[in-house]
Structure formats: C-alpha cells, structure tokens
Amino acid sequence: MTATRRERVPSYRLHRPSGQAVVTLNGQDHYLGKFDTQASRDAYNALVVSWLSHGRELPLQQQAAHVVTVAEVCDLFLRWCKKEYCDAAGNESREVKNIRLALKPLVFGEAAALPAAQFGAKALMQFREQLIRDDLARKTINQRIGIVRRAFRHAVKEEIVPPDTWKALTAVDGLKRGRCGARESAGVKPVPQADIDAVLPHLPPPVRAEFGKALSVMSRGTATHSPPCCAKRGTAASCRS
C-alpha cells in the first residue's frame, strides 16, 4: 500500500542556486549546509525526527532558531519576481533574467550561507568590489547593487530579516563616474555607411525620402552628432528620454 501524502517524509534535496541541502517543512525551507555532506544529512535527520515527533510541527524554539541565509533571501525574491514579472502565458520577462544574473554571484559565492542579518553595508561593498574586478561597467554594477537591495527589502516585507538590515544597505552610494575604478559602458557608435546603403532600398518611399533628407542635413555638418530622428525634430535632446 502506498503511503498517503500526509504520511510522506519531506525529502533531502539540492538547492541548485546555492549548492546547499534543503528540506521543506510546512512550507518553510530549511537550509542544512553543503549538499551531500554528512553534516547536512545529520542536520536533516535531526530536523525531520523532531518534526515528526511533535506531530509534524517544529517546536517553537527550533522555529525561532532557524537562521535565514543570504541564499534564502535571494531565492525568495527570485520566486516572487517569477510570478510578478511574466506575461499572460507565464513567460518570464527580461527583468527576471536580469535579476537572476545579478543575484547569481551571491547564491553561488561565499556569502550564500551567511546569515542574512549579517549582510550589511561592508558586505555589500565587498560584493561591489568583486563586480568591479569582474570588469562589469559602472552602470551595470549600480543596477545589480540596486537589485540586491530590492531582494532584502522584499525579505523585510516578508518579515524574515530585520528592517535594519535593509536600511544598512541603503547607506552604500552608487558608483560615481571616474571615481570608482569601474569602466564606463562603451558609447553608441555611428551606423556604418554600408549598413545604411543596404537598408535604404527596402524602406517605404516616404520613409526613404525623409531618411535621405536627414542624411543630407547631417552631411552638411548642421547635425553632425545627431541621429536622423533628431535632425528632423531640430534638436538632439528631443530624442533622449
């Protein structure tokens, strides 16, 4: 006779983003340390035995003793984002991909098992320095630091980390141009003339005519650094958002 759903014992599993072992009891993930180690299996056995012996509920002291890690904060936020940033068909938006990429170094790095309450301003600055060493552009680094803050802010809303933890992270300023050691993003370069010549024959006549006028104006030097849309409107600033 197969066991009923209620009789099943929660399994010992691998949490792939962090490399840790995890068991889920009453909807709450409990991280046990590095996966497939004796220490993590011992922690799993002790936790499950206690859970079973108390009628499938953890004693209050064990619930209170659970320490939320940085990996858990990242995982919780990413799961929320997957539901929040998707289309009607359930497809993830580009925002989810950016968030996953930003949090990946945390959930795979040394900070994964760090108690979230101990991840303060200094830890965030160390993480930022690693991104600089990885040769990311300054704007990209600032965006990723912002995502980490958002993850901890979400954890505060879920009441799994103290508010002071997130507040401490807001004390870290964004990197400033020319004062941080991070490179700047490559500027947008002009479109090669060969590409323009290849596209022109395929444009509708009205569009091709307007494009030709804009190119003519630019060739005379009246709008040397402005794209065609700006030449038509008369100002380079008008096409920047």
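Some points to look at:
- Where Arg208 falls short, out of the listed (1) surrounded by fewer than 12 Cβ atoms within 10 Å (Cβ to Cβ); (2) outside the structural domain of Val96 (by TED's automatic domain parsing): (1)
- Residues considered: Ala182, Ala155. Of these, the only one that is of a type in the set (Gly, Ala, Ser), over 18 Å from Cys74 (Cβ atoms) and surrounded by 13 or more Cβ atoms within 10 Å (Cβ to Cβ) is Ala182.
- Residue count for the stretch 104-122, restricted to those that are closer than 20 Å to Pro162 by Cβ, within 17 Å of the chain's Cα centre (by Cα) and assigned to a helix (DSSP H, G or I): 4
- Screening the candidates Pro105, Pro59 for the property of being in contact with a Ser or Thr (Cβ under 7 Å, 6 or more places away or on another chain) and either surrounded by 14 or more Cβ atoms within 10 Å (Cβ to Cβ) or over 30 Å from Gly178 (Cβ atoms) (or both) yields one hit, Pro59.
- The stretch 8-42: number of residues that are of a type in the set (Phe, Trp, Tyr) and in contact (Cβ under 8 Å) with a residue 40 or more places away in the chain: 1
- Filter result (part of a helix (DSSP H, G or I) and of a type outside the set (Val, Ile, Thr)) within the stretch 147-167: Arg149, Arg150, Ala151, Phe152, Arg153, His154, Ala155, Lys157, Pro163, Asp164, Trp166, Lys167
- Test: residue in the stretch 131-151 that is in contact with a Pro (Cβ under 8 Å, 6 or more places away or on another chain), surrounded by 15 or more Cβ atoms within 10 Å (Cβ to Cβ) and within 27 Å of Ala182 (Cα to Cα): yes
- Check on Leu203, over 16 Å from Ala71 (Cα atoms), in contact with a helix residue (DSSP H, G or I) (Cβ under 6 Å, 6 or more places away or on another chain), modelled with pLDDT under 95 and outside the structural domain of Lys104 (by TED's automatic domain parsing): no
- Tally of residues being touching a strand residue (DSSP E or B) at 6+ places or on another chain (Cβ under 9 Å) and part of a loop (DSSP other than H, G, I, E, B) across the stretch 168-187: 4
- Unmet criterion (only one of (1) aliphatic (A, V, I, L, M); (2) out of contact with any strand residue (DSSP E or B) (no Cβ under 8 Å at 6 or more places or on another chain); (3) within 13 Å of Thr69 (Cβ to Cβ)) for Ile141: (3)
- Scan the stretch 158-179 for residues that are hydroxyl-bearing (Ser, Thr, Tyr) and surrounded by 13 or more Cβ atoms within 10 Å (Cβ to Cβ) and the total you get is 1.
- Among (1) surrounded by 13 or more Cβ atoms within 10 Å (Cβ to Cβ); (2) outside the structural domain of Arg149 (by TED's automatic domain parsing); (3) touching a Lys or Arg at 6+ places or on another chain (Cβ under 9 Å) - the single one Ser50 does not satisfy: (3)
The values are calculated or read from the model by the stated rules, or taken from the named source; none is laboratory data. Note that the structure is a prediction, hence the values are computed from the model and not measured. With ideal geometry, Cβ positions are generated from the backbone for all residues, glycine too; neighbour counts draw on all protein chains shown.
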